[in-house]
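The values are calculated or read from the model by the stated rules, or taken from the named source; none is laboratory data. Given the structure is predicted, the values throughout are model-derived calculations rather than measurements. Here Cβ is always computed from backbone atoms with ideal geometry, including for glycine, and neighbour counts include all displayed protein chains. Remember, those area values only see protein heavy atoms, side chains included, never the ligands or the DNA or RNA. Shrake-Rupley method; radii C 1.70, N 1.55, O 1.52, S 1.80 Å.
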Amino acid sequence: MPESLPAATEHIGAAGEPVPAAYYVRLAGNRFHSTLHSQGAWNAHEQHMAPASGLLIHEVLRRHPRPEMVISQATFEILGLIHGGEFEVRTEGVRPGRTIELIEATLSGNGRPAVRALIWRLLTADTADVAGTDGGLLRPPADCPPYLMARDWEGGFVRSVEFRTAYDGGPGRRAAWLRSAPALVEGEDSPPLARYVGVV
């Protein structure tokens, strides 16, 4: 590992050095290093699941480009602590097909898998005849009060996301706007779905 990088259990930026404007820095190929923006809420040396999930979507769409298909389902299995620091993401076509396919993506660090995703994609088609309603519109973000999640939760990821409450109906009944400034991967454009998954 280059001398300029922190130890494998640390996020870039955790020791007070500048933090890149991204959750991850690609080292080479399928190897990455987490930044302080990806830090989890419970342990300073772990990653939050949200940006890790977004990165898995980012890598599936980057390594298996099929613009005629759309992701129809994504499931994520957390297999253990997602350590901060250096790690790798591997993707593999499990069930190829012309109209439907399954891709597996695995994030591994410290010698073991930490997150496994199963991504189903379908051939796009016109679904206007079976489309439902829009579910109602949220108030514009400018009309919604900010929710300072960092008052209740620790970690670099929580500090990297802006939350605005559009509706609060009590526990389990809330609608909100979320937005994050950091890129998923430094110097790389991410598809909107990867960015969305990366904050939820």
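Among the residues examined, SER38 does not qualify as within 13 Å of the chain's Cα centre (by Cα), buried (at least 23 other Cβ atoms within 10 Å of the Cβ) and either free of Cβ contacts under 8 Å to residues at least 60 places away in the same chain or on the phi > 0 side of the Ramachandran plot (or both). Here is the figure for the range 93-111: residues that are open to solvent by 40 Å² or more (accessible area, probe 1.4 Å) and touching a His at 6+ places or on another chain (Cβ under 9 Å) total 2. Only one entry of ILE100, ILE82, ILE119 meets the criterion of being touching a helix residue (DSSP H, G or I) at 6+ places or on another chain (Cβ under 6 Å) and over 24 Å from HIS37 (Cα atoms), and that entry is ILE119.
Quick grid of which residues meet (1) assigned to a helix (DSSP H, G or I); (2) under 10 Å from the mean Cα position of the chain (by Cα); (3) among the hydrophobic types (A, V, I, L, M, F, W, C); (4) crowded, with 24+ Cβ neighbours inside 10 Å:
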residue	(1), (2), (3), (4)
ARG26	no, no, no, no
PHE32	no, no, yes, yes
ASN43	no, no, no, no
GLY54	yes, yes, no, yes
ILE57	yes, yes, yes, yes
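Among residues of the range 185-198 that are under 20 Å from ASN30 (Cα atoms) and among the basic types (Lys, Arg), those with a Cβ under 7 angstrom from a residue that is assigned to a strand (DSSP E or B) and open to solvent by less than 40 Å² (accessible area, probe 1.4 Å), sequence gap 6+ or separate chain, pair up as ARG195/LEU184. Has the range 186-198 got any residue that is closer than 24 Å to ILE12 by Cα, among the hydroxyl-bearing types (Ser, Thr, Tyr) and open to solvent by less than 50 Å² (accessible area, probe 1.4 Å)? Looking for residues that are closer than 24 Å to ILE12 by Cα, among the hydroxyl-bearing types (Ser, Thr, Tyr) and open to solvent by less than 50 Å² (accessible area, probe 1.4 Å), one finds at least one in the range 186-198, hence yes. Selection within the range 141-169: residues that are open to solvent by 30 Å² or more (accessible area, probe 1.4 Å) and assigned to a loop (DSSP other than H, G, I, E, B). The member of this set that is farthest from PHE32 (Cα to Cα) is GLY169.
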